[in-house]
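S.K.: Pasting a structure below so you can have a look.
Read the figures in this text as sums done on the coordinates, not as results from a lab. Owing to the predicted nature of the structure, the values given are computational and were not obtained by experimental measurement. Cβ coordinates were reconstructed from backbone atoms using ideal geometry, including for glycine residues, and neighbour counts include every protein chain displayed.
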Amino acid sequence: MLTRKPLSACLAVLAGLACAPVVWAQSDTSDTQRVGNMQFGNTLDPTGWAPFTTPDPMGMSYLHPDQLRTPTGALYPYPAQAPDEAPLGKGDWTYSWLLQFGYIHTSGDRNAEFFQMYSDWRNAGAVGMLAFSAYNRKTGQYVEFRGSHVSDKDQYYRLRAGQYGSYRIEAFFRDIPHVLSTDAYPLWNGVGSTNLTLPPGITPGVSSQAQIAAVEAQRPRRTLSVTRESEGVSWEGALGRDWIGYGGVTNENRNGDRDWGGSMFFSYPFLSPGPGGIGTPSVPGVMGGQNETVRPVDFTTTDINLGLRNKAGASGWLFNFTMTASFFRDHKDYLDFTAPFGVLPGPATSITGGTFSLEPDNNYYNVRLEGSHALKWWNGQFSASAAYGSMRQNDTLQAPLNAMFCPSGQFIGTTGIPCSDWNTTAALSQQNGDARIDTGLVNLRLSFRPTASFNWYANVRWYGENNMTRYTMYNPLTGQYGFLHESGSQAVIIGNAEAGLFQAGNPLYESYFTQFANIPYSYNDRQGELGGTYQLNNQNSLGLTYTLDHQTPQQRERTYLNDQHIKLTWDSKSFGDSTLRFSYEYQKRTGGPYNAFPYMNWYSPSLPGYVQDALGVVAYTVDQMYKYDMSNLKATKLKAILTTPLGNTATLTTTVYGNRNHYGADIGRQSVGTTGADVSFDWTPSATTTFNSYLSIESSRIKQGNVADNEALIGTSPLQADMEFGGPMYPYANFWTATDTERDANAGLTISHVFTPRVKLDVGYNYTYSHGVNGYDYSSMGAISPSYWNILTTADIGNSFPANIYRLQTLSANMNIALTPRVGLRLYSQYEFGRFADWHYTGFDSPGDLVIGNRVYTDLGPQTHWHAAVLGAFVTLKL
Amino acid sequence: MIRRFVACLPMFLGALVLASAAAAQQAPAAASSAAPKPPAFADVRRQQPISGDAKAGAGKATVCGACHGPQGISIAPNFPNLAGQSATYLYVQLKQFKQGQRNDPIMSGQAATLSDADMRDLASYYASLAPKPAGPADESSAGARLYLAGDPARGIPPCQGCHGVDAMGPRPEPDGKPSPPWATFPHLRGQSSLYVGKALGDFRSGARAESSNARIMQGVAQTLGDDDIQALGAYLSTR
Amino acid sequence: MRALPLWVAVVLSLWLALGGLLLMAPGAQAQSSASTSAGSPALSQSDIARMLPSTDMGANAARNADPHLQPVGDNPATPFDAARVPDNPLAPQAQAVGAKTCIACHALENLQASHSLHVASFRAGAANTGPQAACEACHGPGSDHAKNPTAKGSIIAFTHGSASTAETQTTVCLGCHVGGARQHWLGSVHEARGLSCTDCHNPMVRNSPEGVLAKSSINQVCATCHQDILVKFNRRSHMPLPEGQMACTDCHNPHGSITKPLLKTDTVNETCYTCHAEKRGPFVFEHAPVRESCLNCHDPHGSNQQTLLVLPLPMLCQQCHTMNRHPNDLQTRQSMRNGLVPDERLMGRSCLTCHTNIHGSNNPNGSMFHQ
């Protein structure tokens, strides 16, 4: 009772805020046209509504005991018992509340990555649910609040208030945890900042691999995670007769850190002299360096959404106008790291570390106007949409090299290139990114229903993307084009020949093949679609759609692509009570001539003063390679869903699906195939008992081909320029294929029963299994890196990687006991048992394994076996 | 980790004990406060049409005939006619008299001694008898209008929807969907005005509300005024 | 760790035992029935307040046809006056009978529906059509149904086996809920495949926190037909949908859209950028397939590889990168950490260890995404 006065005050404030004097239009909401924040829940209660889902044993009707079904045939669940309500003050308001609080205890391998991925389980108090609602039956005004707190990183609170049919305001705050690794042992100090430094005990260029491995072995275990915290307010409501407005602002902060990289040139090719020394099996080289660093994530995204729509038609037009503005800010937009290894053996060279530009701040705007108008003929409707969008970024650019790692006064290796020419922003052709991509969309549609059993439509869609970013890699200090690869480390190792620079008139650089400008990829997409459905009889309906999708990519391998789709659908109720939805689609993609290297305009041979080397330009790639977004394609897709009611209390749903894509390429992606089936059985014998189960299997296969180049020709023979598959540069003997074969099986079972109206028990079991095998086949050892020819035999190579496995079994039980009408107890338990294998991490067993050669890794990969349990005990209090 | 888990276990056990204790306390408390114990609600939504031995029923019907008449046509208007009535309806009603959802000074006692088989047999027997012949009902009377069309202005649904256009029971079109237990809906034709009035009055006042069917009739009867009930009685008794 | 399952088993069996005890206890059972029996006829005050009135409020659902009444526009209109009683093509002669008539028989439906948004709206907001229109504003005029409830098509039913076509059903709903998120319903895949609003929504009960859904969450609703998609979220890498943090409708608009497959924005990428705004850029150096479609490399519904990738690295990259020297070499099992030639092109995050800024780079040395 004590709580009522503040509550009334709260309500008065909310009501006052909204006041909503205009009630001319009947307004509804349109959440499903805006991206994000539609679901508020957590692992403890994924629906965010569990405390309110106890079914009413009375059912829905005095007339019949069983529930009706959806038009398709799935059973509607029994209505939930409505929470008790009490009057609030003397008016027409009533209210209700529920608080569920308690303690969560975790045990077992609680550090397992997959256990924690999106659930911040801790041993701590938690609020399972805090809910409040109030409702005025006379005016239709309402207030609803729902929240849950598992931890500061895993919580949500959402308030909605408004008046039915008039307006709604919403405010929310939420934190979503995302754990990326629980097995991280970063070598560096300063994780989370923009500057990674080496721990004491390491002298770059001096410390041996073993010494660094020893330091690494002692590094503390860390969890890398990103927490997404967001908050927002919005309003949607009537703005006058037939006009409905929307305004919303959300702000999101992402904070944390994640695995990153850091390249200081290759290590793998430098395996010589061989037996005994470097190049003996398992004796790594001492050149280059790869650093798996950790980057900070410190992002803010602010979105503003506005909308205005007319629902009855200003002169018969159904209008919908939306505007989105999004502002992304990266508070840590670079990352510097000191390299533990010198890129060449011996004392530290001038390039002692690397630097990254992290994502720049960006702004995005999109406006869209849509209108539909009824037509006089054939029950027709004309619908038009047009949108314009723009993505922009103008961040300050970094200097090509970092003065910290290449100080003025020093030179890059033995190249004679002074650091001072490259370690300031004076070495840039422009100081800011000045990047911009504009997009446009127009969609026109005519639909007709000339008879009750036949309808057809024609749709035309145009979408275009225009990349206006222009950036030239030109250093005004030196007059050179191109860039210094990998923070300059490539030049240190290979010298001027491959420093990455082009300069007309300079014999050192005048023949170097390098990219010198950004490539502004853009494209236009014109789509025409003609479709219709014909109702054969009461039970059967056939549909046919033809789509022609004409894309004109710019600066890509093909100047145009034609994607044609024919889709046939059959919806039938002629199998007893069952509903069948069947679809088959055939797709064929063709296009203009394929140019395997369309990028010459952005490469140095296009610049004046380029002197062609006598050996010609090394074949960049093989002519017969087709990138799968550009290659020919013949694809079929089939899906059938059969929903079968069994009696009045059970439903069986069977799904069969498959697709086959053939890309018509030898080099590149060759084919993709997926076949799967699902069966689910739902049984609700009475209001108090439900039983759901499902079984799913899927197998998929992706096959690709590739060909290793004949590296011996590079720099030695004019044959290096031959791009032909089967030629000397890309001989058939170097051809190889790889096949990814994955099998997935899922099964699950949930049983829910209300033993008396006071005890509700939910028990669930879920099984997930995936098994992936990466096999390969190769024509000869030519497919393998030449540096391994002396080390590996075909027996060593075999024909597949060990299987990748992910298996997770989860058993959960949840019991709600009503001790009194107002006090209850909730016991929650979840036990999971998992197994994981991924060959990317095979052999990374302990932190000491993270250093191998000049490579330093951070992440040991997800735990391979784990058992973990969560137990929770909560007290539920309610009105 | 395991140790901590074990350490926690007593807490959960404690919670469980607490829960069971509270549950145990709740039950007797509720039972004692509700003395005399109210009859269980009769959910007849799953009631299937019954079968019984009409011949055996005839042998058991001697007592019944004293009021309901030897051929199921009652001897006085305060007793309902049973001849030709839906067997399932009769069975359900007998059961409810026995179990207490319906109360009647005479019938409660009569039904108390009946076994389930007795009730089935009796119900089947009376259902097998020829119903009272149709009467000269005035199809333009207020009662007829209510019965056939209801009165939307006052929220009165037409009775014929469930009781049949001729008041001889519903004749639903089967549609495979969850449907009402049609067999439990009575035939109304020829029942006396007095009996119809009593039945509707009981529904309206809530005296007869302890079954799923009664709940429906409770809602319906609440839309009826005394005049309406009289008009319906007059119509049905002469139908 | 071996002991753990045992303990869990102990706890679970205790729960089950307790549940069993409660089930078996005859007292408890009787109590159960008694309490429902005692509770239901005596509706709570709030139930009564919420339900459609059992008093006559001038039932006049057919008022629009009544020339004696003032036109709707002259009255202090309320939001729900747009909710007129729809025509039922299968019962053209039927007359509206008013909610009071309906709830005479459908008393329990009335109680349950009174907790849903729809009935509450009518209860509160409609001065002209009145609460009396609450049932028939959706189900059409009810006189035929009242007289012969099982006659097919006598009212507009929204359930399995309904004689009313999906078009009739959806037209009713769109009568009020036209436009906005439903702007493109006509011609959308769900419309074309004969779905009705009530395949996903159940406006007769409140079984979901919002959206008057047919199940208690959006994801459960979608999985009714799209089970194959939902199970993919059980895979190793997935977005936090099974964890209750996301819904299918965060990205898809099931009511129709002009971007396949039912996406809310102009392109796939714009949908992704909403939450992954850092990837939006634009970057000085773009990676063509990244800018073209996130789906070139990622499966948003879940994958068996890291970060939703459709193939393991380096195979994923090697589908396009057949360039000379290091990209086009076959990687074998000997490139693993414990192999004979551990190779940076395979171990850990593979290609991404060096080409880290793979979504685009703003670094002057970033054209190969190294920096």
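S.K.: At a Förster distance of 45 Å, what's the computed FRET efficiency of A:Ser693 paired with A:Val611, Cβ-Cβ distance as r, to 0.05? Intermediate results must be reported in sequence, preceding the final value.
M.R.: On the way: r = 72 Å, r/R0 = 1.60.
Using R0 = 45 Å, I get an efficiency of 0.05.
S.K.: Under a crude label model (7 Å from the Cα following the beta-carbon direction), how far is A:Asn601 from A:Leu306 in nanometres?
M.R.: 3.7
S.K.: Follow-up. Which far-off residues, 5 or more places away or on another chain, put their amide H under 5 Å from the one on B:Ser192, with H placed in the peptide plane?
M.R.: Hits under the 5 Å cutoff: B:Asn81.
S.K.: What is the list of residues in segment C:153-176 whose amide nitrogen lies under 17 Å from a point 7 angstrom out from the Cα of C:Gln93, following Cα to Cβ?
M.R.: The answer is C:153-155.
S.K.: Same structure, new question: Expressed as cubic angstrom per residue, what is the convex hull volume of the alpha carbon set of segment A:332-429? It would help to have the intermediate numbers written out before the result.
M.R.: Details: hull volume 18.4 nm³, N = 98.
Looking at segment A:332-429, the number lands at 187 Å³ per residue.
S.K.: Distances longer than 23 Å among the Cα atoms of segment B:116-239: what percent of all pairs is that?
M.R.: On the way: 2499 of 7626 pairs.
The answer is 33 percent, as a whole percent.
S.K.: Under the 0.36 nm per residue contour assumption, what length would be gained going from the current alpha-carbon distance of A:Arg526 and A:Ala677 to full extension? Write down the numbers at each step before the final one.
M.R.: Details: separation 151, 0.36 × 151 = 54.36 nm, distance 3.47 nm.
Stretched fully, the A:Arg526-A:Ala677 segment lengthens by 50.9 nm.
S.K.: Per residue of B:145-156, what is the mean number of Cβ atoms on other protein chains within 10 angstrom of that residue's Cβ? If you can, show how the numbers build up before the last one.
M.R.: Working: counts 0, 0, 0, 1, 5, 6, 5, 16, 8, 5, 16, 7.
The mean count of partner-chain Cβ atoms within 10 Å per residue comes to 6.
S.K.: Return the equivalent ellipsoid semi-axes of segment C:200-324 as a descending list in whole Å, where each equals the square root of 5 times an eigenvalue of the C-alpha gyration tensor. Mind dumping the intermediate values first?
M.R.: Values: eigenvalues 203, 59, 26 Å².
Gyration-tensor ellipsoid for segment C:200-324: 32, 17, 11 Å.
S.K.: Let me ask something else. Taking 0.36 nm per residue of sequence separation and subtracting the Cα-Cα distance, how much length would be gained by fully extending the chain between B:Ala66 and B:Val165, in nm to one decimal?
M.R.: Values: separation 99, 0.36 × 99 = 35.64 nm, distance 3.11 nm.
32.5 nm is the gain from fully extending B:Ala66 to B:Val165.
S.K.: Across peptide A:111-119, how many C-beta atoms of other chains are within 10 Å of each residue C-beta, on average?
M.R.: Numbers: counts 0, 0, 1, 2, 0, 0, 5, 9, 4.
For this peptide, the per-residue mean of nearby foreign Cβ atoms is 2.
S.K.: Percent relative contact order of segment A:706-790, based on C-alpha pairs within less than 8 angstrom and at least six residues apart?
M.R.: Working: 137 pairs, mean separation 27.4, N = 85.
This gives 32 percent for segment A:706-790.
S.K.: Starting from the Cα gyration tensor of segment C:109-216, multiply each eigenvalue by 5, take the square root, and state the resulting semi-axes largest first in whole Å. Spell out each step's value before the answer.
M.R.: On the way: eigenvalues 89, 72, 40 Å².
Square roots of five times the eigenvalues give 21, 19, 14 Å.
S.K.: Hey, what do the phi angles of segment C:291-301 turn into as Karplus ³J(HN,Hα) couplings, whole Hz, using 6.51/-1.76/1.60 and θ = phi - 60°, x for Gly and Pro?
M.R.: 5, 6, 6, 4, 5, 4, 10, 10, 10, x, 8
S.K.: While we're here: Return the Rg/Rh value of the protein assembly as shown, two decimal places, where both radii are evaluated on C-alpha atoms and Rh is the Kirkwood radius.
M.R.: Over the Cα atoms of the protein assembly as shown, Rg/Rh equals 1.03.
S.K.: Can you give the FRET efficiency for A:Ser574 and B:Glu173, using 1/(1 + (r/R0)^6), R0 = 30 Å, r = Cβ-Cβ distance, to the nearest 0.05?
M.R.: On the way: r = 20 Å, r/R0 = 0.67.
For R0 = 30 Å, the calculated efficiency reads 0.90.
S.K.: Restricting to Cα pairs below 8 Å that are 6+ residues apart, what does the relative contact order work out to for segment C:130-283? Please round to a whole percent. Intermediate results must be reported in sequence, preceding the final value.
M.R.: Numbers: 150 pairs, mean separation 22.0, N = 154.
It comes to 14 percent, rounded to a whole number.
S.K.: When we measure straight from the Cα of C:Lys152, which lysines land under 18 angstrom away, once same-chain ones fewer than 8 places off are left out?
M.R.: Partners found: A:Lys573, B:Lys177.
S.K.: Going highest first, how would you order A:219-231, C:156-168 by mean Cβ packing within 10 Å?
M.R.: Working: A:219-231: 17.8, C:156-168: 21.9.
Packing proxy ranking, top to bottom: C:156-168, A:219-231.
S.K.: Whole-Hz Karplus ³J(HN,Hα) for segment B:189-199, in order, using 6.51 cos²θ - 1.76 cosθ + 1.60 and θ = phi - 60°, x for Gly and Pro?
M.R.: So the J values, rounded to whole Hz, are 4, x, 6, 5, 4, 5, 5, 4, x, 5, 4.
S.K.: Near the amide H of A:Ile667, under 5 Å away, which other amide H atoms are found, from residues 5 or more places off or on another chain, if H is placed in the peptide plane?
M.R.: A:Tyr626
S.K.: Within the set B:Lys60/B:Lys98; A:Lys567/A:Lys639; B:Lys132/C:Lys147; A:Lys311/C:Lys215; A:Lys567/C:Lys264, which residue pairs have Cα atoms separated by over 19 Å?
M.R.: On the way: B:Lys60/B:Lys98 16 Å; A:Lys567/A:Lys639 11 Å; B:Lys132/C:Lys147 24 Å; A:Lys311/C:Lys215 28 Å; A:Lys567/C:Lys264 22 Å.
Distance filter (> 19 Å) returns B:Lys132/C:Lys147; A:Lys311/C:Lys215; A:Lys567/C:Lys264.
S.K.: What do you get for Rg/Rh over chain A if you use C-alpha atoms and the Kirkwood form of Rh?
M.R.: On the way: Rg = 32.0 Å, Rh = 32.5 Å.
Expressed as Rg/Rh, it is 0.99.
S.K.: What does the charge count near C:Ala166 come to, summing +1 for each Lys or Arg and -1 for each Asp or Glu among other residues with Cβ under 15 Å from its Cβ? Spell out each step's value before the answer.
M.R.: Details: positive: A:Arg69, A:Arg449, A:Lys573, A:Arg581, C:Arg182, C:Arg193; negative: A:Asp571, C:Glu167, C:Glu191, C:Asp199.
Residues near C:Ala166 contribute +2 overall.
S.K.: Work out, step by step, the length gained on full extension between B:Ala207 and B:Lys55: first 0.36 nm times the residue separation, then minus their alpha carbon distance; give nm to one decimal. Show your work: numbers first, answer last.
M.R.: Values: separation 152, 0.36 × 152 = 54.72 nm, distance 3.39 nm.
Additional length available on full extension: 51.3 nm.
S.K.: I would also like to ask the following. At a Förster distance of 45 Å, what's the computed FRET efficiency of A:Ser408 paired with A:Thr223, Cβ-Cβ distance as r, to 0.05?
M.R.: For A:Ser408 and A:Thr223, the calculated efficiency is 0.70.
S.K.: Next question, about the same structure. What distance in nm lies between label points placed 7 Å from Cα along the C-beta direction at A:Ser429 and A:Ser193?
M.R.: Between A:Ser429 and A:Ser193, the simple spin-label model gives 3.6 nm.
S.K.: Next question. Taking amide H positions as placed 1.01 Å from N in the peptide plane, with prolines and chain starts having none, which residues 5 or more places from C:Cys135, or on another chain, fall under 5 Å of its amide H?
M.R.: Distant-sequence amide H within range of C:Cys135: C:Ala99.
S.K.: Taking a spot 7 Å from the Cα of A:Ser846 along the direction of its beta carbon, which residues of segment A:216-245 have an amide N less than 19 Å from it?
M.R.: Answer for this model: A:216-222.
S.K.: Ratio to report: Rg/Rh of segment A:554-617, with Cα atoms as the point set and Rh obtained by the Kirkwood method; give two decimals.
M.R.: On the way: Rg = 24.7 Å, Rh = 16.8 Å.
We get a ratio of 1.47 for segment A:554-617.
S.K.: In nm², what is the average projected area of the convex hull enclosing the Cα atoms of segment B:68-167? Please list the in-between numbers first.
M.R.: Values: hull surface 31.1 nm².
Seen from a random direction, the Cα hull of segment B:68-167 projects 7.8 nm² on average.
S.K.: Using Cβ counts within 10 Å as a stand-in for footprinting exposure, how do A:Val759, A:Val707, A:Val127 rank, fewest first? Please report the intermediate quantities before stating the final value.
M.R.: Working: A:Val759 26, A:Val707 30, A:Val127 17.
Fewest-to-most Cβ neighbours within 10 Å comes out as A:Val127, A:Val759, A:Val707.
S.K.: Principal axes first, then extents: for the Cα atoms of segment A:581-633, list largest minus smallest coordinate on each axis, whole Å, largest first.
M.R.: Projected onto the principal axes, the Cα atoms of segment A:581-633 cover 64, 19, 15 Å.
S.K.: If I take every Cα pair under 8 Å that is 6 or more residues apart in chain A, average their sequence separation and divide by the length, what percent do I get for the relative contact order? Spell out each step's value before the answer.
M.R.: Values: 2392 pairs, mean separation 89.7, N = 879.
About 10 percent, as a whole number.
S.K.: Sticking with this structure for a sec: Measure off 7 Å from each Cα along the Cα-to-Cβ vector at A:Ala803 and A:Ala124, then give the distance between these two points in nanometres to one decimal.
M.R.: 3.9
S.K.: For chain A, take the longest principal axis of its alpha carbons; what is the angle in degrees between that and the long axis of helix A:4-18, to the nearest 10 within 0 to 90?
M.R.: Helix A:4-18 sits roughly 70 degrees off the main axis of chain A.
S.K.: Let me ask you something else. Among the aspartates and glutamates, which have Cα under 13 Å from the Cα of A:Lys138 when same-chain residues fewer than 8 positions away are ignored?
M.R.: A:Asp92
S.K.: Still on this structure: What average count of beta carbons from other chains do you get within 10 Å of the Cβ of residues in B:222-231? Don't jump to the answer; show the numbers that get you there.
M.R.: On the way: counts 6, 6, 1, 0, 0, 0, 0, 0, 0, 0.
The per-residue average across the peptide is 1.
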